[in-house]
1. Here are some conditions: (1) out of contact with any helix residue (DSSP H, G or I) (no Cβ under 9 Å at 6 or more places or on another chain); (2) of a type outside the set (Lys, Arg); (3) assigned to a loop (DSSP other than H, G, I, E, B). Residue 6 meets all but one. Which one does it not meet?
2. Name, by its number, the condition in (1) out of contact with any strand residue (DSSP E or B) (no Cβ under 6 Å at 6 or more places or on another chain); (2) open to solvent by 70 Å² or more (accessible area, probe 1.4 Å) that does not hold for residue 154.
3. If you check 59, 71, 36, 55, which single one turns out to be farther than 17 Å from residue 143 by Cβ and not charged (D, E, K, R)?
4. Condition (residue is in a strand (DSSP E or B) and out of contact with any Leu (no Cβ under 9 Å at 6 or more places or on another chain)) applied to the stretch 141-155: is it met by at least one residue?
5. Would you say residue 174 is assigned to a strand (DSSP E or B) and either modelled with pLDDT of 95 or more or surrounded by fewer than 18 Cβ atoms within 10 Å (Cβ to Cβ) (or both)?
6. With the structure loaded, tell me whether residue 124 is open to solvent by less than 40 Å² (accessible area, probe 1.4 Å) and either closer than 22 Å to residue 25 by Cβ or not hydroxyl-bearing (Ser, Thr, Tyr) (or both) or whether it fails that test.
7. What are the residues in the stretch 180-211 that are within 14 Å of the chain's Cα centre (by Cα) and within 18 Å of residue 164 (Cα to Cα), if any?
8. Among the numbered criteria (1) under 30 Å from residue 36 (Cα atoms); (2) of a type in the set (Lys, Arg); (3) buried (at least 17 other Cβ atoms within 10 Å of the Cβ); (4) out of contact with any helix residue (DSSP H, G or I) (no Cβ under 7 Å at 6 or more places or on another chain), which single criterion is violated by residue 98?
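The values are calculated or read from the model by the stated rules, or taken from the named source; none is laboratory data. Source: prediction; values computed, not measured. Cβ atoms come from the backbone with ideal geometry, glycine included; neighbour counts cover every protein chain shown. Note: areas computed on protein heavy atoms with side chains; ligands, DNA, RNA excluded. Shrake-Rupley method; radii C 1.70, N 1.55, O 1.52, S 1.80 Å.
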Amino acid sequence: MAGRQLASKWLKTEALLSDSRVAGYIPRTKGYNAAGLSAMLKAYGNVVIKPIVGGGGHGVIKVFRDRRGYGFTYNHSTRVYGDFGSMKLALDRVKLRRRYMIQQGISLARIAGRPIDYRVKVVKNGDHWEFRSMVGRLARPGLFVTNLCKGGTMMSCRHGLRLSLPRISTSAKKAEMRRLTHVCIELLERHFPGIGELGFDYAVDHRGKIWILEVNTRPK
């Protein structure tokens, strides 16, 4: 059951932020503009900008500020500039011609230097929601996006957690993802009646904290 589609990442993020049980799992998010980008870089050092409508990792760019200046990574290419203005001009030339949002950068746990995140897919069957899959997605070497269509490698959630964070309880972290997914389903159904399929993209950072990166109503 595909159900209702909702393309806007912004609307879904707003819905999740409206509930205190979920808000702490959402990276800080703003609409894209120069002032917002500068402020977020000062606060976090690195951010991800992504099209408000789009999927598959297309158009997603990592922007950073470090001792060298300002820069961004897009696909395999990283460019560094001496000042914010020069970087922003170059960034605007490579962005897709769409509306963007800025999201706080999360330091994902890694396996052999490659970041990993997790996709949890749920489908509505009658009156009940069923968990269909919980998988890890390991980024292709040299990339920061983990999407399988960008060359990412799929593995079991348990295996990914065990390899990337060997000192945490894998079963406890999976259970936390499941609990959070149930709360989010309830919240999203209330805001967007008619949805029938959801794909949650979860990050687990290097400290073991879970973050909700994105929710898709048409998960691949």
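1. Every condition holds for residue 6 apart from (1).
2. (1)
3. Exactly one residue qualifies, and that residue is 36.
4. No, that holds for no residue.
5. no
6. No, not satisfied.
7. Hits for the stretch 180-211 are 201, 202, 203, 204, 205, 209, 210, 211.
8. (3)
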